[in-house]
Amino acid sequence: MNKNKLQIKDLCARIPVIQGGMGVGVSLSGLAGAVAAAGGIGVISTAQIGFRDPEFAKNPLACNLKAIKEEIAKARQIADGGIIGVNIMVATRNYEEYVQAAVAAGADLIISGAGLPLDLPKVAKESKIVPIVSSRKALHIIAKHWKKTYDRKPDLVVIEGPQAGGHLGFHKDQLETYCASGYEKYDEQIQDIIALAQELEVPVVVAGGIYERSDLEHYLAMGAQGVQIATRFVTTQECDASERYKQAYIQAKQENIVIVDSPVGMPGRAIHTAFLDRVKAGERFMGEGCRQCIRTCKPETIPYCITQALINAVNGNLEEGLVFCGTNAYRAHTIETVAQIMEEFA
């Protein structure tokens with residue numbers, strides 16, 4: 001049995017596992033609450049979190065801010081006193097308003113990547129602040145700025161590697177290099193980031209490609225205090241995505257998992273579906289008005305609306321939907337429960 005706990009100041013997770021935030025609508029209160037109740041840290045993705053609201057197309061920001069409060073409250077009811085965090089992408093339009101809404105709703109942790117969260121301490125208040133980084137340089141910049149400007153340091157650092165799903169913090173050529181040479185080569189960079197975090201006296205968890213107990217043991221041996229897992233939790237009963245979305249993972253083969261060019265200007269990892277073929281053939285898929293998601297999006301030129309594509313997918317419309325995933329999605333063969341997964345990592 002693993003005796004390691006994940007201590008983040010006054011917060012203590014009995015099992016050193018953070019469930020990664022997955023949008024749109026994949027990790028909401030159902031999944032996050034179940035992971036927290038099982039002894040880990042459950043994370044709600046705020047990415048277009050209000051997409052089910054009838055008014056979403058007209059006022060996405062208001063619907064999202066309202067849903068943050070509602071989903072955190074529902075997760076708390078499920079969590080039975082467990083730890084609930086939120087994942088908020090720095091590239092999100094109105095980023096600070098999302099952070100403020102999560103803080104006001106009582107989120108224990110604010111986890112932020114997809115950019116450098118340089119001003120997160122200004123709005124996070126008493127919530128724990130957790131940057132996601134993929135390089136030592138990124139952590140150095142964040143830590144130096146936070147110390148100088150706000151006299152704060154990260155409460156935890158998430159190191160996200162190139163095997164992660166969704167939008168990735170690497171250039172496409174970097175991903176191709178790691179894919180060709182073996183992802184274990186990235187362990188050298190992980191070791192460098194862990195070394196800096198140890199200098200800062202900040203705990204670290206590793207994300208990207210974490211799927212089984214041996215992955216946890218590997219990174220604990222390298223000096224991390226835990227891991228962040230996302231893909232493995234998609235094929236659980238408690239995951240907030242539709243059954244058809246989960247079945248896309250179960251039916252996927254390794255060769256079906258591809259790197260895509262997201263319309264918001266970032267590379268991403270997804271399951272190859274007919275939708276991607278239709279986009280490549282020149283079809284254009286747009287939503288009902290701009291949903292005000294990522295700052296880098298240019299609605300007049302993009303081949304499809306990333307928000308609409310992700311909403312379609314999570315609702316089970318895979319013919320017009322983008323199914324993000326990590327490198328290990330093909331390893332899912334059945335629907336599990338959160339409790340079964342957490343027991344494996346306990």
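So between D10 and E126, what do we pick up on full extension, going 0.36 nm a residue minus the alpha carbon distance? Intermediate results must be reported in sequence, preceding the final value.
Values: separation 116, 0.36 × 116 = 41.76 nm, distance 1.17 nm.
Residue separation times 0.36 nm, minus the Cα-Cα distance, leaves 40.6 nm.
Evaluate the charge dipole of the range 155-207 about its Cα centre and quote only its size in Debye, nearest 20, assuming +1 on the Cβ of each Lys and Arg and -1 on the Cβ of each Asp and Glu.
Values: 2 positive and 10 negative charges, 46 e Å.
Charge dipole of the range 155-207: 220 debye, to the nearest 20.
Of the candidates D53, D108, D277, which one comes out as most mobile in a Gaussian network treatment of the chain with C-alpha springs shorter than 10 Å?
Taking springs between Cα atoms under 10 Å, the residue moving most is D277.
Please compute the net charge surrounding Q251, taking Lys and Arg as +1 and Asp and Glu as -1 over other residues with Cβ under 13 Å from its Cβ. Could you put the intermediate results ahead of the total?
Working: positive: R244, K246, K253, R331; negative: E243, E255.
Charge balance in the 13 Å sphere: +2.
Hey, can you rank 29-37, 306-314 by average C-beta count inside 10 Å, highest first?
Final packing ranking: 29-37, 306-314.
Modelled label-to-label distance, E319 and A62, 7 Å Cα→beta-carbon offset: nm?
3.4
Run the numbers on the chain and let me know its relative contact order in percent, using alpha-carbon pairs under 8 Å that are six or more apart. Intermediate values should be presented prior to the final figure.
Working: 749 pairs, mean separation 67.3, N = 346.
The normalised contact order for the chain reaches 19 percent.
Where the eigenvalues come from the Cα gyration tensor of the chain, what are the semi-axes √(5λ) of the equivalent ellipsoid, largest first, in whole Å? Don't jump to the answer; show the numbers that get you there.
Numbers: eigenvalues 150, 104, 88 Å².
They are 27, 23, 21 Å, listed from largest to smallest.
I'd like the Karplus ³J(HN,Hα) series for the range 266-276: coefficients 6.51, -1.76, 1.60, θ = phi - 60°, whole numbers in Hz, and an x wherever there's a Gly or Pro.
Working through the residues one at a time gives 10, x, x, 10, 8, 7, 5, 10, 4, 4, 5 Hz.
In square nanometres, what is the average projected area of the Cα convex hull of the range 220-278? Display every interim value, and only then the final one.
Details: hull surface 25.8 nm².
The Cα convex hull of the range 220-278, projected and averaged over all directions, gives 6.4 nm².
Within the set of other residues whose C-beta is less than 11 Å from the C-beta of V26, count the net charge using Lys and Arg as +1 and Asp and Glu as -1. The partial results should precede the final answer.
Working: positive: K246; negative: D240.
Counting the neighbours of V26, the net charge comes to 0.
Please build a GNM for the chain, connecting alpha carbons under 10 Å apart, and tell me which residue among G39, G182, G85 fluctuates the most.
G182
With only alpha-carbon atoms in the gyration tensor, what are the semi-axes of the equivalent ellipsoid for the range 159-289, in Å, largest first? Before the final figure, lay out each step's value.
Details: eigenvalues 180, 68, 40 Å².
Equivalent ellipsoid of the range 159-289: 30, 18, 14 Å, largest first.
Taking a 19 Å limit on the Cα-Cα distance, which of the listed pairs K9/K153; K5/K148; K122/K144; K9/K128 fall beyond it? Numbers along the way, then the final one.
Working: K9/K153 12 Å; K5/K148 31 Å; K122/K144 15 Å; K9/K128 9 Å.
Those over the limit are K5/K148.
For the chain, what are the DSSP H helices with axial Cα length of 15 Å or more and mean Kyte-Doolittle hydropathy of at least 1.0? Each step should come with its number before you reach the end.
Details: long enough: 60-79 (27 Å, 0.04); 136-150 (20 Å, -0.87); 187-200 (20 Å, 0.01).
Membrane-span-like by this criterion, though nothing is claimed about a membrane: none.
Considering only protein heavy atoms and a probe of 1.4 Å, how much of the accessible area of the chain is carbon and sulfur, as a whole percent?
Details: 7080 of 14470 Å².
Carbon-and-sulfur percentage of accessible area, whole number: 49.
Sequence gap at least 6, Cα distance under 8 Å: using those rules, report the relative contact order of the range 206-267 to the nearest whole percent. Each step should come with its number before you reach the end.
Numbers: 34 pairs, mean separation 14.2, N = 62.
It rounds to 23 percent for the range 206-267.
So which residue, out of C63, C239, C179, gets the largest mean-square fluctuation from a GNM of the chain using Cα contacts under 10 Å as springs?
Comparing C63, C239, C179 in a Gaussian network model of the chain, the most mobile one is C179.
If exposed trypsin sites (Lys or Arg not before Pro) are those in a DSSP loop with at most 10 other Cβ within 10 Å, what is the longest stretch of the chain that has none?
Working: sites that count: K3, K9, K253, R284.
Counting only loop sites that pass the neighbour cut-off, the longest clear stretch is 10-252.
Given Cα pairs under 8 Å that are at least 6 residues apart, what percent is the relative contact order of the range 149-232?
Working: 94 pairs, mean separation 29.9, N = 84.
Computed value for the range 149-232: 36 percent relative contact order.
The values are calculated or read from the model by the stated rules, or taken from the named source; none is laboratory data. Here the structure is a predicted model, which is why all the values come from computation and not from measurement. Backbone-built Cβ (ideal geometry, glycine too); neighbour counts: all protein chains shown. What goes into the accessible areas is simple: the full protein's heavy atoms, side chains included, and nothing from ligands, DNA or RNA. Shrake-Rupley method; radii C 1.70, N 1.55, O 1.52, S 1.80 Å.
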